[in-house]
């Protein structure tokens, strides 16, 4: 949330206003409260008070609009890995070795289907195509 544009949209820092802004910014109310504090739009007392209000309303786990706003999936990492594999620049094994992370974590972080970086599964798929 860019400082200038976000600050201009927050007329009166309140949970009801942040609920309205959530549909525009597509971030959690908790994140907006934190950003307001970082930008010195609200003081520490107000920051703590707003977080208490979130808890009282039960919004720490599930906020309004959470079921309506579609979560965006990152695509740049997924697309980059797919290009590396498809153009035979890197093998799935090499990608995992370079990143030094478990296969399932890389697949989750990069929005890849489960098993996409499984070298054995890829080998079986290639053999079936031939």
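The values are calculated or read from the model by the stated rules, or taken from the named source; none is laboratory data. This structure is a prediction, so every number in the text was calculated from the model and none was measured. We place every Cβ from the backbone using ideal geometry, glycine too, and count neighbours over all the protein chains shown.
Quick notes on this structure:
- Filter result (in a helix (DSSP H, G or I) and under 14 Å from residue 11 (Cα atoms)) within the range 36-54: 36
- Residue within the range 73-81 that is within 16 Å of the chain's Cα centre (by Cα), loosely packed, with under 11 Cβ neighbours inside 10 Å and touching a residue at least 12 places away in the same chain (Cβ under 8 Å) present: yes
- Residues located in the range 82-96, provided they are assigned to a helix (DSSP H, G or I) and either assigned by TED's automatic domain parsing to the domain that holds residue 26 or surrounded by 11 or more Cβ atoms within 10 Å (Cβ to Cβ) (or both): 82, 83, 84, 85, 92, 93, 94, 95, 96
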